[in-house]
Every structure is written in structure tokens, then in C-alpha cells.
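Step one of this worksheet: look at the structure below.
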Amino acid sequence: MKVTETPLRDCFLIEDTVYADERGYFFESFNQQTFYKHTGLNIGFVQDNQSASVKGVLRGLHFQKGNAAQAKLVRVLQGAVLDVVIDMRPHSPSFGQQYAVELTEQNHLQLFVPRGFAHGFLVLSDKAVFFYKCDNYYNKAAEGGIVYNDPTLNIPWPIAEAQLIVSEKDKTLPFWNTACQDAGFEAL
């Protein structure tokens, strides 16, 4: 396992060792001891989630507030997505910064998203199956989000906006400044 810290504090890109032969492949997708050795983080995952989406689906940008905040370990089981995270932790040196990475079934990359981050992804392939582990249970009352086309964040989504498939709920999420205030801190 190769673990690289992204430009965002405490956010890690994980490249697993994949053993492939004529039968297919095998890799260990998570090992608590190895993860701790490489990151110094002792994470106890309690919930797994999976979604399937078609090309152009944009899910996000979502986060959980307060005590319901979630750290996530995300990966793609089928297809390809552009995964995007934004550091929303006001005392972090990378506050307000974003990071994007393409996660695919071929590259087997995983992204560890710490608590206090907004997260979203855009499906680049005809279909994608997205899987993630969470270290806290989902709490509907603690939902938060940032609209995907926020002008302050100016995320360079690689599919034209007219071709995006976005839920009505995600289309009406607040802008960055409002989302920050809703989460209890000042924006940039």
C-alpha cells in the first residue's frame, strides 16, 4: 500500500498493491493496522455505502455537521468518476482548498476524506459503482452541502453543465459562504 498526503491536510490518496494474473486480480482494500502505520489515524469505520450512477451524474457536494461529521474512504468498483473534496475546517491550513482525483475500476485508487470536508463526485464513464466506508452513522438532521457550481469554488467539472444530471436537492444547496455559516464558521 502506498499512501500519499494530498495538498489538503489529513486527506490521503491510497494506492493498493494489486496482484493480477490470468484469473483476475486481488488486493486488500483496507487494513486498519496498515492504514494507521501510514497515516497515524486510528479510524473505526461503522457504515458502508454504495451507489450506482450513469454518465453525467453529479452527486454533491455533501457533508455532515458537528458531532455527525464523517470521515470516508471512497473508491470506484465499476467505471470512473472525478472525485472532489473541499476542506471546510476553519483552522486547517488548507481551509477552502479543493482536491480532485479520478478514481476508476482500473487504477484501484482510494481517497481518504477526513471529517470536516465537503465531498462530491461526477460520473465520467457510462456507469459507475461508487463505494465508501464511513466512520460515523448518517444523520439526516446534520446534512449540509454546497452547490456544485459555486462561483467561489469554481470547480472545473469536465462535463458541460448542460449535460450534468443533478438532483433537485443538490441544485438548491447553498453557496460556499452560506454553507460555511450554516456549519458554524466564517467563509473565506
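Values as computed for the structure displayed
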{"read-out": "Candidates GLN33, GLN70, filtered to the one that is of a type in the set (S, T, N, Q), out of contact with any strand residue (DSSP E or B) (no Cβ under 8 Å at 6 or more places or on another chain) and not in a strand (DSSP E or B)", "value": "GLN33"}
{"read-out": "Tabulated pairs, the stretch 123-145, first crowded, with 17+ Cβ neighbours inside 10 Å, second aromatic (Phe, Trp, Tyr) and in a strand (DSSP E or B), C-beta under 6 angstrom, 6+ apart or interchain", "value": "GLY144/PHE63"}
{"read-out": "Some residue of the stretch 153-173 being without any contact (Cβ under 8 Å) to a residue 60 or more places away in the chain, in contact with a helix residue (DSSP H, G or I) (Cβ under 9 Å, 6 or more places away or on another chain) and of a type outside the set (D, E, K, R)", "value": "no"}
{"read-out": "Which listed residue is closer than 18 Å to VAL84 by Cα and more than 15 Å from the chain's Cα centre (by Cα), from VAL54, VAL46", "value": "VAL54"}
{"read-out": "Criterion violated by VAL101 - all others in (1) modelled with pLDDT of 95 or more; (2) under 11 Å from the mean Cα position of the chain (by Cα); (3) farther than 21 Å from VAL18 by Cβ; (4) not hydroxyl-bearing (Ser, Thr, Tyr) satisfied", "value": "(3)"}
{"read-out": "Residue under evaluation VAL74, criteria (1) on the phi < 0 side of the Ramachandran plot; (2) more than 13 Å from the chain's Cα centre (by Cα), criterion not met", "value": "(2)"}
{"read-out": "Which listed residue, of ASN154, ASN107, is modelled with pLDDT of 95 or more and on the phi > 0 side of the Ramachandran plot", "value": "ASN154"}
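The values are calculated or read from the model by the stated rules, or taken from the named source; none is laboratory data. As the structure is a prediction and not an experimental result, all values here were calculated from the model. Backbone-built Cβ (ideal geometry, glycine too); neighbour counts: all protein chains shown.
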